[in-house]
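A short reminder: the numbers here are calculations on the coordinates, not readings from a lab. As the structure is a computational prediction, the values presented were derived from the model and not from experiment. Note that each Cβ is placed from the backbone with ideal geometry, even for glycine, and that neighbours are counted across all protein chains shown.
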Amino acid sequence: MEDSYKVDHMQGKRYPKEFTKEILEEYAARTSTVHGISIPVNIEIKADQKVIDFSSMENILKKASTYVLRDCPCRTQIGNCDTPKDVCIHLDDYGDKTIKAGQHNAKYVTYEEALDSVTRAQEAGLVHMAYTKKDDSYPKAICGCCSCCCGNFAGILRFGIEFPFLLVTSDKIAEYSASDCIGCGVCVDRCHFEAWEMVDGKIVYDADRCYGCSNCTTTCPSLAIKMIERN
């Protein structure tokens with residue numbers, strides 16, 4: 001992971017620029033009902049990227065015929081980190097509407113370019129969130145989110161704001177092998193949900209806080225963490 005991608009994601013941290021709690025509460029009050037779902041990306045299996053409740057990211061993209069990438073409006077506006085902006089994916093009619101709106105550098109891309117954006121976002125430590133409306137058969141919007149810039153994510157994690165949609169855990173969960181751990185702390189740095197903590201030089205893992213995004217798994221140098229099915 002490049003140094004420019006390293007970001008402090010800890011909950012409760014204040015940032016130079018941020019959505020205030022008041023702004024996010026007002027947004028929550030007028031947001032329509034959708035479901036936000038955290039997506040684990042397993043880069044150890046090339047192009048077979050696991051997804052929450054939908055079999056795999058690859059399968060979601062294969063269902064679509066139109067792919068649009070656009071810049072993340074939250075990171076564009078707030079700018080508290082230097083992670084990639086052009087990793088928001090809009091599919092089919094939702095993508096066409098995004099192009100028509102002419103905002104956030106939206107552009108049509110190929111299936112391969114869409115998959116590549118997923119990998120770039122994961123390498124940067126972003127959490128993949130799939131947003132789907134009630135009548136959608138599959139998500140039409142997939143965002144690479146950070147807790148320092150993204151409004152919904154920050155509202156839920158940092159302020160405990162209740163939105164009309166649920167932040168649903170992945171169908172995967174991290175499994176930790178303390179005997180294989182070298183105590184490097186990469187998992188602590190990359191976890192937005194504070195499932196990992198360094199205590200007296202040792203890693204402490206709280207499975208109850210794991211949302212199954214796989215940011216810890218894909219960068220663990222000692223392979224002490226793996227994703228398993230959530231019971």
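Annotations for the structure displayed:
- Prolate/oblate/rounded label for the stretch 68-169 (Cα gyration tensor, a/c 1.5): oblate
- Restricting the stretch 102-144 to trypsin sites (Lys or Arg not before Pro) in coil, as DSSP defines it, with at most 14 other Cβ within 10 Å: 133, 134
- For the set 63/107; 97/172; 97/140, the pairs lying more than 21 angstrom apart at their alpha carbons are 97/172.
- Cα gyration tensor shape for the stretch 105-152, rounded if a/c is under 1.5, else prolate or oblate: oblate
- Taking only alpha carbon atoms, the stretch 102-231 gives an Rg to Rh ratio of 0.99, where Rh is the Kirkwood radius.
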